[in-house]
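These notes are about the structure you will find just below.
The values are calculated or read from the model by the stated rules, or taken from the named source; none is laboratory data. Source: prediction; values computed, not measured. Reconstructed Cβ throughout: ideal geometry from the backbone, glycine too, with neighbour counts over all protein chains shown.
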Amino acid sequence: MSNVPMTRPWEMLAEHKTNYFHDSTFIEISNGRILHCSGKQFCTSDDGGISWSAPYQSRDKNGDVIGGGGTSLVKLDGNTIGLAAIRRGKGPDFPDWMERHSYMVYWRSDDEGKTWEKPVRMSLPALGQVVAYQDVFIRTSTGRIMLPIYTGLGHELHPLDQHYPHHGKLVNGQWVSTSAHFFGTGIAGSYVVYSDDEGRTWQQNKDGHLIIYIDWAASLSATSEPTIAEVAPGRIVMYQRTKLGRIFQSWSYDNGETWTSPVPTSLAATTTPAQIRKIPSTGHMLVVWNQESEDEIRAGYNRTRISSAISRNGGSVWEFYQNVHSMHDETRVEPGPIRAVRPEEMHNKPGQAPPTRDGKYLKIVDHHIRISYPSVFVMKDRVLIAHTYTHYEDHPTRAQLVKVGGADNKDFNQILKVLPLTWFYGGKEPADNPAFPKASDIAVPFP
């Protein structure tokens, strides 16, 4: 285990410990200011994220508070900005059977967030929940704004549901939950909604939901919490959360209207989402995600390393692996086979037979962290990364991850780091790799 939680920490420009958990999203507005939204709270920074204003709320023309879960901001022309968030319950034009469902809504502001229009529903009615990962809005080179979302269908199952095994870890001899939907019984599929009129009307991609087909429908696996980036004009990549030990990817070659079937990346992962970004100044790709090996997951170290990597050839080869925050020394993890992996420390409810476990992965530790759900904002000379943070040490039983807002860390549940762009290139000035064509010259393959 590592005593230094990040790669080259001395290069960090600032670190903030906050209570925003995992709804943070950022955009740059006039005069280089940063607007941040988390849930239903806003704040601003005038110095590139080094310091922040006090949080405040805004209301739309209905008088309702702006925001909610899964917040994502997007910058449009001039002083116009947009914000998406999750709404739960039956919408005004939804049938009665959707009383317990969720959908995405969008607010537009023409004065950088001082005032907001009434919300517009973005997603169509669906049989299951319609939700989104935070901080995933993009505006493409054509002006189209696009939000990746996903629909869950099936039996609603909490990670600590007593009908199924639940996972945990002994920290100082006390059991804490480290579950992460490893036994979820539902299926989920990713897709996008997009607008060509600054969010007044919305459409859904033409070819339906993205679900992983293993051996051509011999079995299916879910994708969820997608994130997208425009690699080249009209060419969009989507990264998706899975339970198969990898981040999966899909590609669109027509500005988000149709997508390829999901295939694995070379990035090892636990069942958590990633963030993918294009760096405007270089054309390179940046990914930030929970990078973990099979052995680490089986030993209960899921969500204990957030890493970053750079691709200078459009997403095929990844370089400059760094640890943004980690319990581990290794910065690069080679992925294992494409298969479901779960922690071995699992338990059934009293009266049931205990699950079969591999004892070599069952350990008692003196401390444990849980970090995930990064938000990533790329500026000209720096990158802001916010992620959840839970530390189990003195009183781990107070830190059960079953409440909205995360665990009890006394005074914070999120860490926001401001890092120079050079940090992501191993402390060097960004440059193209001479082994590849320039990022602007990389050919778009035939879909």
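Just to verify a result, which residue in the range 17-33, among those that are surrounded by fewer than 20 Cβ atoms within 10 Å (Cβ to Cβ) and closer than 24 Å to Pro280 by Cβ, is farthest from the chain's Cα centre (by Cα)?
Asn31
Quick one: how many residues across the range 293-309 are buried (at least 22 other Cβ atoms within 10 Å of the Cβ) and either closer than 20 Å to Tyr133 by Cα or touching a helix residue (DSSP H, G or I) at 6+ places or on another chain (Cβ under 6 Å) (or both)? Write out each step before concluding.
Keep residues of the range 293-309 that are buried (at least 22 other Cβ atoms within 10 Å of the Cβ), which gives 296-297, 300-308.
Next, from what is left, pick out any that are either closer than 20 Å to Tyr133 by Cα or touching a helix residue (DSSP H, G or I) at 6+ places or on another chain (Cβ under 6 Å) (or both): 302-308.
Number of matching residues: 7.
Between residues in the range 368-387 that are among the acidic types (Asp, Glu) and residues that are surrounded by 23 or more Cβ atoms within 10 Å (Cβ to Cβ), which pairs lie under 8 Å by C-beta distance while being six or more apart or on different chains?
Listed by first residue and then by second, the contacts come to nothing, as the list is empty.
Has the range 390-409 got at least one residue that is under 30 Å from Ser30 (Cα atoms) and either buried (at least 20 other Cβ atoms within 10 Å of the Cβ) or at pLDDT 75 or above (or both)?
Within the range 390-409, none of the residues are under 30 Å from Ser30 (Cα atoms) and either buried (at least 20 other Cβ atoms within 10 Å of the Cβ) or at pLDDT 75 or above (or both).
I'd like to know if the range 142-158 contains one or more residues that are of a type in the set (S, T, N, Q), in contact (Cβ under 8 Å) with a residue 24 or more places away in the chain and closer than 30 Å to Lys363 by Cβ. Steps first, answer last, please.
Initial filter on the range 142-158 (of a type in the set (S, T, N, Q)): 142, 151.
Add one more test, that the residue is in contact (Cβ under 8 Å) with a residue 24 or more places away in the chain, and what stays is 142, 151.
Applying the additional criterion that residues be closer than 30 Å to Lys363 by Cβ yields none.
Checked the range 142-158: no residue is of a type in the set (S, T, N, Q), in contact (Cβ under 8 Å) with a residue 24 or more places away in the chain and closer than 30 Å to Lys363 by Cβ.
Within the range 171-197, track down each residue that is over 24 Å from the mean Cα position of the chain (by Cα) and buried (at least 18 other Cβ atoms within 10 Å of the Cβ).
The answer is Val171, and nothing else.
Scan the range 244-264 residue by residue and report those that are assigned to a loop (DSSP other than H, G, I, E, B) and surrounded by fewer than 21 Cβ atoms within 10 Å (Cβ to Cβ).
Passing the criteria: Tyr253, Asp254, Asn255, Glu257, Thr258, Thr260, Ser261.
Based on what the data block shows, is Thr356 in contact with a Phe, Trp or Tyr (Cβ under 7 Å, 6 or more places away or on another chain) and either modelled with pLDDT under 95 or within 21 Å of Pro273 (Cβ to Cβ) (or both)? Outline the logic, then answer.
Working: in contact with a Phe, Trp or Tyr (Cβ under 7 Å, 6 or more places away or on another chain): no; either modelled with pLDDT under 95 or within 21 Å of Pro273 (Cβ to Cβ) (or both): yes.
No; evaluated as a whole, the condition is false for this residue.
Are there any pairs, at least 6 apart or on different chains, whose C-beta atoms fall under 6 Å, with the first in the range 344-367 and farther than 16 Å from Gly173 by Cα and the second loosely packed, with under 13 Cβ neighbours inside 10 Å, and if so, which?
Matching pairs, first to second residue: Glu344/Asp358; Lys349/Gln162.
Select, from Ser307, Ser316, the only residue that is under 29 Å from His209 (Cβ atoms) and without any contact (Cβ under 8 Å) to a residue 24 or more places away in the chain.
Ser316
Which of the residues that make up the range 216-230 are modelled with pLDDT under 95 and surrounded by fewer than 22 Cβ atoms within 10 Å (Cβ to Cβ)?
Within the range 216-230, Trp216, Ala217, Ala218, Ser219, Leu220, Ser221 qualify.
Kindly evaluate Arg339 against the criterion of being surrounded by 12 or more Cβ atoms within 10 Å (Cβ to Cβ) and at pLDDT 95 or above.
So Arg339 does not fit the description; no.
If you check Asn323 against the conditions, is it surrounded by 13 or more Cβ atoms within 10 Å (Cβ to Cβ) and over 17 Å from Glu292 (Cα atoms)?
no
Output the strands (runs of 3 or more DSSP E) that fall wholly within the range 116-214 and possess 1 or more residues being under 21 Å from Pro262 (Cβ atoms), or say none.
Counting at least 1 such residues, we get 129-131, 145-153, 187-195, 212-214.
For the range 69-108, give me the residue count where each residue is part of a strand (DSSP E or B), among the aromatic types (Phe, Trp, Tyr) and at pLDDT below 95. So that I can check it myself, show each step before the final result.
Residues of the range 69-108 part of a strand (DSSP E or B): 69-75, 81-88, 102-108.
Keeping just the survivors that are among the aromatic types (Phe, Trp, Tyr) gives 103, 106-107.
If we keep only those that are at pLDDT below 95 as well, we get 103.
Counting residues in the range 69-108 that are part of a strand (DSSP E or B), among the aromatic types (Phe, Trp, Tyr) and at pLDDT below 95 gives 1.
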